[in-house]
1. Relative contact order of the stretch 451-570, please, whole-number percent, based on alpha carbon pairs below 8 angstrom and at least 6 residues apart.
2. What's the exposure ranking of Thr218, Thr639, going from fewest to most Cβ atoms within 10 Å?
3. Among the Cys residues of the chain, which have no other cysteine Cβ under 4.7 angstrom away?
4. Name the trypsin sites (Lys or Arg not before Pro) in the stretch 363-434 that are in a loop by DSSP and that have at most 10 other C-beta atoms within 10 Å, would you?
5. Using Cα pairs closer than 8 Å and at least 6 residues apart in sequence, work out the relative contact order for the chain, in percent.
6. Return the distance in nm (one decimal) between the two label points of a simple spin-label model at Ala547 and Asn74, each offset 7 Å from Cα along Cα→Cβ.
7. Among the lysines, which fall within straight-line cross-link reach of Lys471, defined as a Cα-Cα distance under 21 Å, with same-chain neighbours fewer than 8 residues apart omitted?
8. Cut-off is 10 Å between beta-carbons; in what order do Val633, Val665, Val612 appear when sorted fewest neighbours first?
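None of the figures in this text is laboratory data; all of them are computed from the coordinates on show. The structure presented is a predicted model; accordingly, all values stated were derived computationally and were not measured. Cβ sites come from the backbone with ideal geometry, for glycine too, and all protein chains shown count toward neighbours.
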Amino acid sequence: MTKHANHLIHETSPYLLQHAHNPVNWYPWAEEALQKAKDENKPILVSIGYAACHWCHVMERESFEDEATAGIMNDHFINIKIDREERPDLDHIYMDAVQAMTGSGGWPLNVFLTPDTKPFYGGTYFPPKRAFNRASWQEVLLGVIKAFNERRHEIDAQAENLTEHLIQSNSFGLHKDTEQEQLFSKDKADEAFQNIMKSADREWGGFGRAPKFPQTFTIQFLLRYHHGTGNQEALQQALLSLDKMIEGGIYDQVGGGFARYSTDTEWLVPHFEKMLYDNALLISVLSEAYQLTKKDRYKEVIEETMNFVQRELLHPQKGFYAALDADSEGEEGRFYVWNINEVNELLGEEAAVFCKYFDVTEKGNWEKKNICRVKIPPKQFAEQNGIAEKELNALLKNGKEKLLQARDIRVRPLLDDKIILGWNALMNTACSKAYVATGKEEYRQLAIDNIHFLWQRFKLEDTWEFFHTWKDGQAKYPAFLDDYAFFIEALIHLQEITADQNWLDKARQLADHVVKNFSEPETGFFYYTKMGQEDVIVRKKEIYDGAVPSGNSIMAYNLHRLSILLDRPEWQDRSIIMLSSVGKTAYRYPTSFGIWSCLLQEIATGTFEIAVIGKEHTQLMKELYHIYIPHKVFVAAETPVQESPLLSNKPLTGNTLIYLCKGYVCQQPVDSIERFMLLINREKIAD
């Protein structure tokens with residue numbers, strides 16, 4: 001029988017429920033706890049993490065399950081647990097505060113606030129005993145108590161100064177670049193490329209040093225830059241990065257899907273948690289890479305990762321779950337690693353070749369265990385080992401299936417089964433792009449089914465308001481900028497793969513809603529939280545493209561493309577204003593502004609407007625999907641659509657016609673893909 005139950009017991013977040021039986025008297029972030037801090041004049045301890053966070057679990061076991069530590073916390077603090085994925089708005093604010101105080105951040109994030117929620121001290125993981133040049137958690141608690149009780153005026157002053165710093169650091173966006181012609185030039189795209197290559201790892205792919213993250217937006221920029229310029233170095237670095245990740249331990253060689261990041265240069269040892277958004281973004285960029293190169297392995301990895309998502313992250317009603325934990329049975333990565341005896345027993349006489357290919361050895365390649373990885377590509381491996389490549393592929397496929405079956409009876413990592421609007425929208429876009437790249441109808445249908453699910457479960461009836469998260473039939477928390485931005489993007493892509501103008505109309509309505517409720521009129525940027533939200537000390541504006549794109553960069557992209565699709569010049573103006581504010585910084589630091597850099601590149605080269613009209617539009621659409629045209633908007637219909645500037649006033653003839661336009665100025669329409677490619681290539685030469 002459980003000894004403790006605190007105020008988290010009625011929550012739906014798996015992360016909060018993990019802490020519901022701690023002896024710490026945790027509260028969720030809500031008026032009850034905030035008012036209690038004021039009434040009792042106690043400091044607030046806010047501890048922020050997420051269900052798949054390894055060090056969050058460690059600190060829980062070491063400190064939050066310890067009776068003596070819990071006693072100190074309960075006597076002197078109002079203790080609040082926050083799931084960063086449910087309340088990213090609060091996480092952003094208090095992460096900024098801790099980074100300002102300590103120079104670093106991460107999770108678990110532990111922040112001490114005054115009773116009016118202003119931060120004055122904090123950090124990340126603290127050990128139970130002094131170690132790693134860190135004070136113990138109890139030392140931190142006792143030090144904060146002493147300071148709060150004996151030097152309250154200093155605490156209040158520190159909190160005011162820090163809050164003012166957060167407000168000031170949020171006041172970007174007032175600068176307007178008056179040299180727009182220079183900003184939106186191909187020379188600037190060249191500059192961004194050169195700055196990317198300064199941090200490129202030319203041996204192992206990726207950018208920067210370990211820990212290494214996928215940086216899909218940077219890879220996407222390089223693919224598009226190569227497409228526009230023919231630069232081979234850009235293509236080589238983009239494909240090297242994808243290839244090395246696909247061959248490494250960051251990619252689940254047995255079951256498909258990507259872990260969050262690699263702890264080493266070679267992509268061997270991942271942080272084993274699998275996040276929905278990482279897999280969505282990697283599917284999207286792999287889809288572009290496959291369209292561009294037609295490399296079979298990219299198609300295979302798209303399909304393997306889509307299989308993983310559908311097998312392990314798909315709700316029966318077609319929503320996508322948030323994440324899988326890094327840990328199982330108290331160990332990080334236990335679910336995914338192997339020893340050679342297991343593999344030998346499972347595969348018999350085929351084990352030797354399988355183990356050699358996937359670097360499975362007696363001594364192991366990580367902590368005496370083995371993370372499957374590929375050191376030699378299959379064609380080269382087959383030649384070196386005297387095996388026909390077809391025979392090798394069959395052996396590897398059979399072996400992976402057997403290992404996956406054996407793994408499925410292991411104790412599984414925790415599933416974070418909440419469904420997040422923005423992450424689902426990213427995955428929805430990935431489904432659309434995977435369909436375009438591979439032609440697999442199931443991906444198109446999954447995108448449609450998922451959008452219907454989101455529309456039914458997240459939308460507040462008779463409004464354009466959406467919620468941020470849904471679980472067990474309950475939608476919670478007003479949607480944030482990211483949610484709306486990614487959702488609008490998904491709707492634009494869905495319109496492209498369905499030729500259904502209804503999705504475009506919904507994108508328009510949502511964009512109007514965002515402009516009305518999230519705008520900072522003085523700068524053209526958008527706040528992260530909607531107008532009227534009262535439980536944050538600052539309305540942040542996020543512009544950096546990090547693990548996920550920033551809501552502002554995606555909204556700038558959405559406004560640019562919707563302005564063309566719907567003839568809304570004021571949205572184009574706003575997109576340009578936003579770009580003008582970040583343009584120079586984006587080119588200087590493109591690995592932190594990947595989506596911005598892609599949009600700046602598109603503005604510089606121009607956006608193709610492609611319209612297909614006629615009875616055979618569905619077949620021509622499918623043929624057009626095989627062509628890599630990154631900077632485009634695309635519409636199709638059987639007959640002209642007067643509400644659409646790209647589909648109206650186009651005469652019907654006996655043939656289905658493809659129109660290629662820029663700025664609504666169209667070339668003579670053509671009736672075949674071959675003739676269309678001549679138009680595209682002529683445009684590229686002219687550019």
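1. The value is 19 percent.
2. The fewest-first ordering by Cβ neighbours comes to Thr639, Thr218.
3. Unpaired cysteines in the chain: Cys355, Cys372, Cys431, Cys598.
4. Here the sparse-neighbourhood loop sites are Lys363, Lys368.
5. 11
6. Each label point lies 7 Å from its Cα, and together they span 3.2 nm.
7. Lys81, Lys274, Lys318, Lys418, Lys459
8. Val665, Val633, Val612
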